[in-house]
Amino acid sequence: MEFTTRPATLHDLDDLCAIEHSAIPGYEYLYDNRHFYEKSPGEMVLALTDTGLPVGMGRYSVLPDGSGWLEILRVKKEYQHMGAGRAIYRRYMELARQTSAPSVAMFTGRENLASKGLAEKNGFSLAAAYLGGDLALSDTESGVCGAFLEVCDPAAAKRLIEPHREKWGPFLVLNRTFFHYNDALYAYLCKEGMVYSDGENVVVLGARMLRERGLHLGMYGGDETLCLSFAASKAAALGAKKLTMMYPGKADELRRAALKAGYIDSGELIVMEWNRPKEE
């Protein structure tokens, strides 16, 4: 069967949700998430059969540094393994060329061989593995935010974050979106009000989207007890009921600190990445 693709809009929302419900029964991510249509540059790709039936979707998002991020690739159950995913990836890579993306990445589960294999067929390779943790928040945590203040200057954010980058691996993670550390990221984080410091310690806290579902601790540096305490209290003060954090799979120190602070392991993700050939 041949599949074509076209950009989806909010007018396609019912079809997109039907695809999501077929691919992941009981899971709802798209319906109340307007970020993909109103705030995030990129394209929602809709895959269609030769008769025009919508059966697959995937989002190509452009991150602050111009790199591509692939997310929510879904295909209706009865059309899986027939070529819809390959058609979506063709459009993904067309968008990467059109936007001159320096790299394109996505995440999947280590055991999701179909997702990993499809990425590999398009030139992606393993870039990193990250573990996650979730912390349930209570109203009682919202009263102690310490002396941390918001950092609005990207240069100051860079000075605070850079000394701690290595232990967090190649990516900073918000909403399971994996951002490379660079000046464009620091500008984005400051613009969105996600960087906090007391002058010595630094915390990146916020969300790329769906803040009402929870906030994300992107990284911290300095006194781990103080940073983790601030992150939990600030997130609770902002009304979040959950705080999540992801760290490299080999970062035992970060995992121990998270578990000590009450985080519950949420599993492992791998990051697959394509890098633009130098000759291009």
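Residues in the range 101-114 that are modelled with pLDDT under 95 and either open to solvent by 30 Å² or more (accessible area, probe 1.4 Å) or within 11 Å of Arg276 (Cα to Cα) (or both): 5 in all. Scanning the range 150-199 for residues that are assigned to a loop (DSSP other than H, G, I, E, B), of a type outside the set (Gly, Ala, Ser), open to solvent by 60 Å² or more (accessible area, probe 1.4 Å) and farther than 22 Å from Thr108 by Cβ yields Cys152, Asp153, Arg165, Glu192.
Among the residues of the range 1-14, those that are open to solvent by 20 Å² or more (accessible area, probe 1.4 Å) and closer than 11 Å to Leu30 by Cα comprise Leu10, Asp14. Scanning the range 51-69 for residues that are closer than 16 Å to Leu174 by Cβ and either charged (D, E, K, R) or open to solvent by less than 10 Å² (accessible area, probe 1.4 Å) (or both) yields Arg59, Ser61, Asp65, Ser67, Trp69. For the range 27-36, does any single residue satisfy the condition of being in contact with a Lys or Arg (Cβ under 6 Å, 6 or more places away or on another chain), outside any loop (DSSP other than H, G, I, E, B) and either open to solvent by less than 60 Å² (accessible area, probe 1.4 Å) or at pLDDT 90 or above (or both)? Yes, the range 27-36 contains at least one residue that is in contact with a Lys or Arg (Cβ under 6 Å, 6 or more places away or on another chain), outside any loop (DSSP other than H, G, I, E, B) and either open to solvent by less than 60 Å² (accessible area, probe 1.4 Å) or at pLDDT 90 or above (or both).
Of the candidates Gly58, Gly85, the single residue that is in a strand (DSSP E or B) and touching a strand residue (DSSP E or B) at 6+ places or on another chain (Cβ under 7 Å) is Gly58. From the list Gly239, Gly262, the one residue that fits, being touching a residue at least 40 places away in the same chain (Cβ under 8 Å), under 30 Å from Tyr29 (Cα atoms), open to solvent by 20 Å² or more (accessible area, probe 1.4 Å) and assigned to a loop (DSSP other than H, G, I, E, B), is Gly262. When the test is whether a residue is in contact with a Ser or Thr (Cβ under 7 Å, 6 or more places away or on another chain) and farther than 18 Å from Phe178 by Cβ, Leu46 passes it.
Return yes or no: is Lys234 more than 30 Å from Asn122 (Cβ to Cβ), in contact with a Cys (Cβ under 6 Å, 6 or more places away or on another chain) and either among the aliphatic types (A, V, I, L, M) or open to solvent by 30 Å² or more (accessible area, probe 1.4 Å) (or both)? Yes. Hey, does the range 220-238 have a residue that's within 30 Å of Leu95 (Cβ to Cβ) and touching a Gly at 6+ places or on another chain (Cβ under 9 Å)? There is no residue in the range 220-238 that is within 30 Å of Leu95 (Cβ to Cβ) and touching a Gly at 6+ places or on another chain (Cβ under 9 Å). If you go through the range 200-211 and pick out every residue that is over 14 Å from the mean Cα position of the chain (by Cα), in contact (Cβ under 8 Å) with a residue 24 or more places away in the chain and open to solvent by 10 Å² or more (accessible area, probe 1.4 Å), you end up with 1.
The values are calculated or read from the model by the stated rules, or taken from the named source; none is laboratory data. What you see is a predicted model; the values in this text were computed from it and never measured. Backbone-built Cβ (ideal geometry, glycine too); neighbour counts: all protein chains shown. The accessibility values were calculated without ligands, DNA or RNA, using every heavy atom of the protein model including side chains. Shrake-Rupley method; radii C 1.70, N 1.55, O 1.52, S 1.80 Å.
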